[in-house]
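See structure below.
No lab work stands behind these numbers, since they all come straight from the coordinates. These numbers were taken from a predicted model, which means no experiment stands behind them. Please note: Cβ atoms are built from the backbone with ideal geometry, for glycine as well, and neighbour counts cover all protein chains shown.
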């Protein structure tokens, strides 16, 4: 049973890590890549945040474009959390990412799912709908950072 | 005439910088954003390079997916070369970017155009076609780095 659970976890991780064709020349590149993808994602997410929090005027087209970029970039970081990338560069990734891979995958899947909902909400052109979806997506960022990113 | 040329240059720059809605909290964020977007782009570009140079087996689907990501990410950095981001962080951007904005824009446009051709080439599923397009796109990276990135 333990063996089965382990195989299931590994299989899940492989699916999570797709496209597995990623080729990082060295661990530092993988770390820089995942940080870069998450930073770009965060900037576009933040532009939506500025709208839903009233810091900039609501613009449905801009919100939708940014949300699409959030969805695209939210798919990228995961492949770069492979074996051998636990340390190096200026990573703040906690060791638990590699010891709780199924749980970490759950957090990542949840974040991606909420971002897809965010993009759908942005396409409605309704600021309130967008705000609700933004809040739900933001919660997934925080949950994963609290669990797996060092302060 | 000089005034007109100046207005034309500024108008061109604004078009280049679209979506102008980007909101960077501070210059360092803009610098980190453009570096992050270019790094992510470079990694996906490099995965195609590994194929066309025979370091990894050719896989048409993987090439096409990576090329699409190259196209998407190649649109991002430009808005982050705004006024006030000439220095800060660990930028290697040369001052000429801000004194030769029309020329810099030309380099950026050319790179984006070649990346679109790269994605089209990737969709043919023909490794030789992809290799040719990859070479042309790589030339635009080098040209811009030679002109506008400090060693």
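Taking the label point 7 Å along Cα→Cβ, residue A:90 and its counterparts in the other copies are spaced 0.7 nm apart, in ascending order.
Going by alpha carbons, how many degrees (0 to 90, nearest 10) lie between the helix axis of A:101-124 and the longest principal axis of chain A? Helix A:101-124 sits at roughly 20 degrees to that axis.
Take residue A:135, push a point 7 Å out from Cα through the beta-carbon direction, and compare it with the same point in every other copy: 5.7 nm, smallest first.
Using the rule -39500 (n - 2.57) for each DSSP H run of four or more residues, divided by the residues of the protein assembly as shown, the 222 nm mean residue ellipticity is -24000 deg cm²/dmol.
Each of A:74, B:87 has some number of other Cβ atoms within 10 Å of its Cβ, and from fewest to most they run B:87, A:74. In a fully extended conformation the segment linking residue A:116 and residue A:147 would gain 8.9 nm over its present Cα-Cα distance, using 0.36 nm per residue.
When the alpha carbon coordinates of chain B are projected onto the principal axes, the ranges are 51, 35, 30 Å, largest first.
Within the listed set B:104, B:39, B:134, the Gaussian network model of chain B (springs between alpha-carbon atoms below 10 Å) gives the highest mean-square fluctuation for B:39.
On the rotation that sends chain B to chain A, the chain B Cβ lying closest to the axis gives residue and distance in whole Å as B:36, 2.
To the nearest 0.05, what FRET efficiency results for residue B:75 and residue A:124 with a Förster distance of 35 Å applied to their C-beta separation? Before the final figure, lay out each step's value.
Values: r = 24 Å, r/R0 = 0.70.
Efficiency at R0 = 35 Å is approximately 0.90.
Comparing mean-square fluctuations of B:94, B:131, B:61 from a GNM of chain B with C-alpha springs under 10 Å, the top value falls on B:61. For chain A, the longest principal axis of the alpha carbon atoms and the long axis of helix A:60-74 meet at an angle near 0°. Largest GNM mean-square fluctuation among B:140, B:85, B:124, using chain B with Cα springs under 10 Å: B:124. Entry note, chain B: relative contact order of 28 percent, from Cα contacts under 8 Å with a spacing of 6+ residues.
For each of A:38, A:118, count neighbouring Cβ atoms within 10 Å of the residue's Cβ, then give the residues from fewest to most. Intermediate values should be presented prior to the final figure.
On the way: A:38 20, A:118 28.
Ranking A:38, A:118 by Cβ neighbours within 10 Å, fewest first, gives A:38, A:118.
What is the helix-to-structure angle for A:2-17, meaning the angle in degrees between its Cα long axis and the longest Cα principal axis of chain A, kept from 0 to 90 and rounded to the nearest 10? Its long axis makes an angle of about 50 degrees.
Here the alpha carbons of the protein assembly as shown define both size measures, Rg and Dmax, at 20.2, 80 Å.
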